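The structure under discussion appears below in the form of structure tokens.
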Amino acid sequence: MSVSPAVATSAAPAAVDSDPACAAPGGADAASIAPLQVLGRDVLVPLVTGGEVTYAALDYAASAPALQRVWDDVAAYAPYYGSVHRGAGYLSQLSTDLFENSRADVADFLGCRADDQVVFTRSTTDSLNLLAAALPANTRVFVFETEHHASLLPWEQRADTEVSYLNGPRTPQQAVDTLERALAEREPYGPALVCVTGASNVTGELWPVRELAAAAHAHGARIVLDAAQLAPHHPVDIKELDVDWVAFSGHKLYAPFGSGVLAGRADWLQAAEPYLAGGGASRKVARRADGGVEVEWHTTAARHEAGSPNVIGVYSIAAACKALSEAGFDSLVEREQQLVQRVLGGLAEVPEVKVLSLFGDDAPRVGVISFVVQGWNSSHFAAALSAEYGIGVRDGLFCAHPLVRTLLGGEDDEPGECGAPDSAPGERSLNAIRVSFGAGTPDEHIERFAGAVQELVRGGARWTYRTEDGRCVPDRNSISV
Ligand code: PMP
């Protein structure tokens, strides 16, 4: 059965907000690198100082707004919604087709090899936990301490998996050398896996994935790429990078409907026990003579997709993949790099600001930038950006505690009370602020952010803030608007 044309087609993503002041280097046509249309662009939020302003979503690294195209595709499909892989009705058949076609679209987006499997999960965290549960017996895992907790923590859940935590490198070459050395030192081993992020969720810096994959393979290890922060910003080609698996989340890829992806080699996945036991994963179930139950599990991706699948989530990821590919990743990357330079340039004008980096200030990075402001509690600064400028950023340790603590200078202290800066002049901060953006970010959000940082550092907050549940919030009682 083919999917209804009403569901399968949608308009090409609309380009909006062209800004000639931010023309591409080399004179590229500004209109061709305009931001993609996302939801929420016109949402007004109140300012503590009075009035309203359109919300500037600059926390893409946590969750990106939905692409309008994704929303439109989902809305077009919604009336046709039906059960997947179960149900004889027309809409069940259509939904099953849509689900499986989405798998093929994601495989295309990632440049999968013919025998790779695309397994749909809930998120990157879920994908990496699935892989961790599917490792062959006695696998040795190599992971840098600088990883996001989603890629740092899943590997110890099995008693027979041995994990080597590698020191954080200070250059991409050092990352490769550190891995090479660790792999060589621990030989011989049986199955081995390296887990590495493509782009840091803290610094946005790009990791040398191709080189790390080559090092892993040279020592007989496999490699999984945590592409949670890479896939929304860069093309990810599994063959070209020569990685064995890729994991990413829909909600960071403009498809916030609760699905994620683990794509790659089928053999370990097929040999493993199903991630979840239940319907959909089982091909045949029968009572045994001894009274027990015998199960024959699927050997396709369905083996790890027990239960009714999230067809909307999966379809939205496929829609996002198509939208990004059709918009042209080259121009999206080019435009995002202009925004990166604008943010870095703005922050550089404020001597009190220190941008965090592992590989050096000039290292290539995606639109994810963390910084500290001397004399400011980071939670206070982020709260003021929100309350006084309508700008949404994130503050804290970003689920990468070892990395951020290293970048900030160590120790496990808790930040001080709001309003009392957690770093006296010359001292280190205990938390960081992260600004992140992408294909839907208009230039105005970046300009507003750069201006707000300058104003806050020069003139201070215009409001008072207090600590509530460990976070800074505007003190609405102390000053009336
Ligand atoms: N890896 C990286 C690099 C991330 O930035 C994140 C989310 N911040 C994750 C993994 C986990 O993603 P999710 O919360 O969608 O599971």
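The values are calculated or read from the model by the stated rules, or taken from the named source; none is laboratory data. Note that the structure is a prediction, hence the values are computed from the model and not measured. Virtual Cβ from ideal backbone geometry, glycine too; neighbours counted across all protein chains shown. Surface areas here come from the heavy atoms of the whole protein model, side chains and all, with no ligands, DNA or RNA. Shrake-Rupley method; radii C 1.70, N 1.55, O 1.52, S 1.80 Å.
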For residues that are among the small types (Gly, Ala, Ser) and in contact (Cβ under 8 Å) with a residue 60 or more places away in the chain, scanning just the range 145-178, find the one that is nearest to the ligand (Cβ to nearest atom). 150
Residue match in the range 81-98 (condition: modelled with pLDDT of 95 or more, open to solvent by less than 20 Å² (accessible area, probe 1.4 Å) and among the acidic types (Asp, Glu)): no
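Considering 422, 413, which residue is surrounded by 20 or more Cβ atoms within 10 Å (Cβ to Cβ) and at pLDDT below 90?
Details: 413 fails: surrounded by 20 or more Cβ atoms within 10 Å (Cβ to Cβ).
Result: 422 is the single residue among 422, 413 that is surrounded by 20 or more Cβ atoms within 10 Å (Cβ to Cβ) and at pLDDT below 90.
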Which of (1) surrounded by fewer than 17 Cβ atoms within 10 Å (Cβ to Cβ); (2) under 30 Å from residue 119 (Cα atoms); (3) of a type in the set (A, V, I, L, M) does residue 289 not meet, given it meets every other one? (2)
For the structure I just gave you, tell me whether residue 135 is crowded, with 21+ Cβ neighbours inside 10 Å, within 16 Å of the ligand (Cβ to nearest atom) and of a type outside the set (Ser, Thr, Tyr). no
Could you go through the range 179-200 and let me know if any residue there is more than 22 Å from residue 265 (Cβ to Cβ) and within 16 Å of the ligand (Cβ to nearest atom). yes
Residue in the range 293-329 that is nearest to residue 75 (Cα to Cα), counting only those that are open to solvent by 20 Å² or more (accessible area, probe 1.4 Å) and of a type in the set (Val, Ile, Thr): 312
Could you tell me which numbered condition residue 271 fails, if it satisfies all but one of (1) closer than 19 Å to residue 108 by Cβ; (2) open to solvent by 50 Å² or more (accessible area, probe 1.4 Å); (3) over 16 Å from the mean Cα position of the chain (by Cα)? (1)
Of these, 91, 128, which one is over 30 Å from residue 163 (Cα atoms), in a helix (DSSP H, G or I) and of a type outside the set (Ser, Thr, Tyr)? 91
Determine, yes or no, whether residue 216 is in a loop (DSSP other than H, G, I, E, B), buried (at least 23 other Cβ atoms within 10 Å of the Cβ) and in the same structural domain as residue 137 (by TED's automatic domain parsing). no
